[in-house]
Amino acid sequence: MERIRSYVKAFGSSKRHRGDLTGWLIRRPQLLATTGMYETALLLTNALDPKLKELAELKTAGLVSCEFCLDIGSALAHGAGVTEQQIRDLHRFRDSDAYTELEKLVIAYAEAMTVTPAVGDDLAELRRQLLEQLSKTQVAELAATVAWENQRARLNQSLGVRPTGMSDGQACALPEPRTM
């Protein structure tokens, strides 16, 4: 119930550009409905600590540079117990004292799933390390969460969905610097 309250509070605090995404998806009601169903499923699935899910989503949104996702994600992260220092340090999580070892592992997994291509020994090794601390159910939920955030962030970016001000007045995660 607490996660639902956080979502309602975040959406209620949006100040601008509220209809960007729905303005596109309403043209395809099936996509709007299935998007809502998947969002609800992830919201109600809580085998994994919501704080870990929010950290993974924020890292993914930052790597994709989705400003809308960073805006809402930062607001939701505050509600899940993510600290302002953790939000500010996402780009340097490996060297930050703001995270536990499990949180660093979750963020690294989100990063490995988001970079292209998302294959190889790094991802397998991170999954193995996660399974030492989390159940298969929790790792599956984490993978689904990160995969969905990748889809969500890329869809929002491609359609020009703008931030709505949900995190105004709070620390907000920033897009990750691009390295080429």
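The values are calculated or read from the model by the stated rules, or taken from the named source; none is laboratory data. None of the values given here were measured: they were computed from a predicted structure. Neighbour counts are summed over all protein chains in view; Cβ atoms, including those assigned to glycine, are modelled from backbone coordinates with ideal geometry. Only protein heavy atoms, including side chains, enter the accessible area calculation; ligands, DNA and RNA are left aside. Shrake-Rupley method; radii C 1.70, N 1.55, O 1.52, S 1.80 Å.
Are there cysteines in the chain with no second cysteine's Cβ under 4.7 Å away, and if so, which?
Among the cysteines of the chain, those whose Cβ sits 4.7 Å or more from every other are C172.
So what is the relative contact order for the chain, in percent, with contacts set as C-alpha pairs under 8 Å and at least six apart?
41
Averaging over every viewing direction, what projected area does the convex hull of the Cα atoms of the stretch 46-127 cover, in nm²?
Dividing the Cα hull surface by four gives the mean projection, 5.4 nm².
At q = 0.10, 0.11, 0.12, 0.20 Å⁻¹, what is the log10 ratio I(q)/I(0) for the chain, with the Debye formula run over Cα points and no solvent?
Result of the Debye calculation: -0.36, -0.44, -0.53, -1.55.
Considering only protein heavy atoms and a 1.4 Å probe, what is the carbon-and-sulfur percentage of the accessible area of the chain?
57
For C66, C172, give the ranking by accessible area with the largest first, probe 1.4 Å.
Per-residue accessible area, sorted high to low, gives C172, C66.
Tell me the per residue accessible area of the chain using a 1.4 Å probe; a whole number in Å² is fine.
Working: 9550 Å² over 180 residues.
Dividing the accessible area of the chain by its residue count gives 53 Å².
Considering the chain as a Gaussian network with a 10 Å cut-off on Cα pairs, which listed residue, R152, R162, R92, attains the greatest mean-square fluctuation?
The residue with the greatest mean-square fluctuation here is R92.
For T22 and Q157, what does the FRET efficiency come to when R0 = 22 Å and r is the distance between their Cβ atoms, rounded to the nearest 0.05?
On the way: r = 16 Å, r/R0 = 0.74.
Step by step, r from the Cβ atoms, then E = 0.85.
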